[in-house]
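Quick notes on the structure that follows.
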Amino acid sequence: MDSQAAASSMSDFNESDRKELQQFIENEHQKAKFQTNVHNLTDMCWSKCMTAKISGTTIDKNEKPCLENCVNRFIDSQKTIVKQLDYMGGRA
Amino acid sequence: MSGVGGLFGLNPNSSKDERKQALMQGIQHETNVENARMLIEKINEKCFEKCIPKPGTSLSSGESLCLTNCMQKYMASWNIISAAYIGRIKSDPAI
């Protein structure tokens with residue numbers, strides 16, 4: 001199928017089909033954004049919390065709370081920085 | 001290359017709903033592939049760093065075992081982080 005045929009196969013989508021597709025794409029986009037954030041957080045928090053030698057497949061007792069704290073403190077940091085920038089902007 | 005329609009296996013003769021379904025499945029597939037690609041890339045990076053501190057002439061059995069364990073552990077960490085992040089978003093929707 002050439003791209004012209006592909007385009008014409010799209011053209012009989014009516015308004016509600018287009019809305020539905022648009023909503024679906026928006027949801028997938030949100031999902032992808034969330035997953036990217038989790039990848040970045042896992043990267044950072046792995047470096048901070050998994051400092052011991054790997055000796056098994058399970059996450060040990062103190063690693064799990066470390067990972068959870070890492071996520072929450074990262075978000076706290078982000079909020080603190082944004083608040084501070086806001087304050088600086090207000091003074092300027 | 002046959003355009004976006006061909007990419008998602010669309011056939012102009014199939015019904016409108018079939019084409020809509022195919023399009024959605026194609027998009028979802030792309031999201032899933034990208035997520036898996038990213039996970040593999042991170043596991044490679046993190047577990048190589050952790051398990052192969054001094055690369056030798058071949059991968060030792062200890063290093064191979066470390067890589068297998070590390071991979072499992074990284075995926076478990078991803079799930080813990082994901083749950084913690086969801087929990088935070090729910091309790092703190094302002095972020």
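The values are calculated or read from the model by the stated rules, or taken from the named source; none is laboratory data. The structure displayed is predicted, hence computed values, not measured ones. Here the Cβ positions follow ideal geometry from the backbone for every residue, glycine too, while neighbour counts run over all protein chains shown.
Is it true that A:Asp43 is at the interface with chain B (Cβ under 7 Å from one of its Cβ atoms), at pLDDT 95 or above and part of a helix (DSSP H, G or I)? So A:Asp43 fits the description; yes.
With respect to being of a type in the set (Phe, Trp, Tyr), at pLDDT 95 or above and either in contact with a helix residue (DSSP H, G or I) (Cβ under 7 Å, 6 or more places away or on another chain) or closer than 30 Å to A:Thr57 by Cβ (or both), B:Phe8 falls outside the description.
Residues of segment A:53-92 that are exposed (fewer than 11 other Cβ atoms within 10 Å of the Cβ) and at the interface with chain B (Cβ under 10 Å from one of its Cβ atoms): A:Lys53, A:Gly56.
Of the residues making up segment B:39-63, just one is loosely packed, with under 14 Cβ neighbours inside 10 Å, within 25 Å of A:Val38 (Cβ to Cβ) and more than 16 Å from the chain's Cα centre (by Cα), namely B:Glu49. Tallying residues that are more than 8 Å from chain A (Cβ to nearest Cβ) and either surrounded by 18 or more Cβ atoms within 10 Å (Cβ to Cβ) or touching a Ser or Thr at 6+ places or on another chain (Cβ under 6 Å) (or both) within segment B:64-94 yields 2. Scan segment B:18-38 for residues that are over 18 Å from A:His39 (Cα atoms) and not polar (S, T, N, Q) and jot them down. Across segment B:18-38, the qualifying residues are B:Glu18, B:Arg19, B:Lys20, B:Ala22, B:Leu23, B:Met24, B:Gly26, B:Ile27, B:His29.
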